[in-house]
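This report concerns only the one structure given below.
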Amino acid sequence: MEKSLLIRDDDLKIEFTRIDLFDILPEDVGRRERIISSLNKLEMQQDVLLHELDNYKSEIERLTNNADTFDYTIAVSSGVIASLIDSLWVGEFSFERGKAWSNQKVNEFVMKVAKSQGYKGDRLKGAIDKLEKNFGIPSDNVWKGKDIGISARSHHLDDLAHHPTIVGLFFSILTQFTKEAYFTNSEGEFIPITITDNGELIGHDIVHKFYAGTINWFFHLVSDMSGSNKTSGAGMGIPGPLVSMLKEISGLPLIKNTNLSEFLHKIYTKDKFDLRGELAVLHELGRQAVPVIINEVIVRGSYFIRRLYNELKQHDSIRELNWKKILPYNNRTINRMLTIATGTFTAVDLVDAGVRSAIKTGGVINPAFWGSFVLRVNFVGIGRFAIACYSDIKMGLELKSTKTNFLATQMEYIYNLNAIVLYKQADMFIEAKSVEKAISELENKANEIEWYYKNQLELLASSLNNISEYSQLIENRNPGLKNQLLEILE
């Protein structure tokens, strides 16, 4: 906006013009602010995308197999060494050997617990008798004479309070508050039995009920681990955790109509697969786990040593080492090495089992051959090989997905870069347009000023001419004034 001030004195006219600063600002100031705001948002988003790209690159490196010939050689050699240890030291799976070990360990445990409770003798029967008398539970004999499909051989399995599980503890405590024992027979029927003659084993208040339901329950289970005092070391002990959980599941509505409960009754009473049987299996599986663990240690150890050596060559300080590349854990390279090592171990183990079984049966493939073959197979090794294959395949799928996400993020990053360039070009054009407009306006103002001064000079010249014309008229009307003025000016 322009404002003019006019000063007049006779024929002399002076005009002043004030120019508003906003008149020369570009018209696209608001648009430029929006562009700058959008640029800031895009640049912040680019920082986030760069962080995501770095994470994807790191993940792709982790999921990529970088094993070389030396790594594969170590893996195969480790598998062969572990299979030789399995063949020469572990040998056949022997339930009898495991049962002998578990009987000894359970008997020693029962004796140790009994002596901690004051038993002074050295016979297992006396230790069991001591614990049974001191820590009875109300459901122990309530099944007798009920004709509900529960016998002396099966009552430890059928009585839920005799299970060494959290469910067994729950029903032991529940019995204290309801005065009922809870059983499931070989047909899967859930049978509660009211307790009438074991009142001394029921707590009289909440504290004693919980004490009897937990402490008495635990020590009573210990007394039953090796059988009763009449069949110490040989009778039916309590069921193991696995059989107990299956027995508890067999009473559920959807499973009740299956033959699971009957099957469990058979392996418990006829095959005598109690807690000591489960420990025997675990012992033999533990023996089979030894060569599997050795195989694992060799592969992971060689990976660690070799990567550590390579990192030390590349860096001067230990603090600069990249431990993600060194630690033999959670990357595709070590998984691939373990897959090869465990696969080699399993292959050699199966060949060894087949050859030894054929020698044992005279080369005839019959049930005896397959029986011997199964006993010589290292199932822990097969399980470890399956886990290694699963991990390797899973990482392969994750790698494919990660690469897809990386490419998508990279494309988004490129699109954002293009958008940033376009926004900056637009900002440049607006700035250039503003500068051009400002220069044009300044040029117009300069032309106006030039015209103004030209007019003022013409007016000044005209005024000077008028002065010479009016000087004679002034002298005629005011004689001597001219000379006086000249003297004053001098």
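The values are calculated or read from the model by the stated rules, or taken from the named source; none is laboratory data. As the structure is a prediction and not an experimental result, all values here were calculated from the model. All Cβ positions, even for glycine, are placed from backbone atoms using ideal geometry, and neighbour counts span all protein chains on display. With ligands, DNA and RNA removed, areas are computed over all heavy atoms of the protein, side chains included. Shrake-Rupley method; radii C 1.70, N 1.55, O 1.52, S 1.80 Å.
Could you pull out the residue among LEU375, LEU338 that is in contact with a Ser or Thr (Cβ under 9 Å, 6 or more places away or on another chain), part of a helix (DSSP H, G or I) and at pLDDT 95 or above?
Going through LEU375, LEU338 in turn, just one is in contact with a Ser or Thr (Cβ under 9 Å, 6 or more places away or on another chain), part of a helix (DSSP H, G or I) and at pLDDT 95 or above: LEU338.
Yes/no per residue for (1) at positive phi; (2) open to solvent by 50 Å² or more (accessible area, probe 1.4 Å); (3) modelled with pLDDT under 90; (4) touching a Pro at 6+ places or on another chain (Cβ under 6 Å):
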residue: VAL290; (1), (2), (3), (4): no, yes, no, no
residue: ILE294; (1), (2), (3), (4): no, yes, no, no
residue: ARG300; (1), (2), (3), (4): no, yes, no, yes
residue: ARG306; (1), (2), (3), (4): no, yes, no, no
residue: ASP316; (1), (2), (3), (4): no, yes, yes, no
residue: LEU321; (1), (2), (3), (4): no, no, yes, no
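Condition first: crowded, with 20+ Cβ neighbours inside 10 Å and part of a loop (DSSP other than H, G, I, E, B). Can you find one or more residues in region 146-161 that meet it?
Looking for residues that are crowded, with 20+ Cβ neighbours inside 10 Å and part of a loop (DSSP other than H, G, I, E, B), one finds at least one in region 146-161, hence yes.
What is the residue count in region 83-112 for residues that are touching a Lys or Arg at 6+ places or on another chain (Cβ under 7 Å) and either open to solvent by 50 Å² or more (accessible area, probe 1.4 Å) or of a type in the set (Val, Ile, Thr) (or both)?
3
Looking at region 82-130, which of the residues that are outside any helix (DSSP H, G or I) and either of a type in the set (A, V, I, L, M, F, W, C) or within 42 Å of the chain's Cα centre (by Cα) (or both) is farthest from VAL355 (Cα to Cα)?
SER94
Does GLY381 satisfy the condition of being in contact with a Pro (Cβ under 8 Å, 6 or more places away or on another chain), at pLDDT 85 or above and assigned to a helix (DSSP H, G or I)?
yes
Only one residue in ILE326, ILE293, ILE255 is under 30 Å from PRO138 (Cβ atoms) and β-branched (Val, Ile, Thr), so which one is that?
Exactly one residue qualifies, and that residue is ILE255.
For ILE340, state whether it is in contact with a Gly (Cβ under 8 Å, 6 or more places away or on another chain), open to solvent by less than 80 Å² (accessible area, probe 1.4 Å) and hydrophobic (A, V, I, L, M, F, W, C).
Judged against the criteria, ILE340 is a match.
Residue check: is ASN66 within 30 Å of ASN330 (Cβ to Cβ) and outside any helix (DSSP H, G or I)?
Judged against the criteria, ASN66 is a match.
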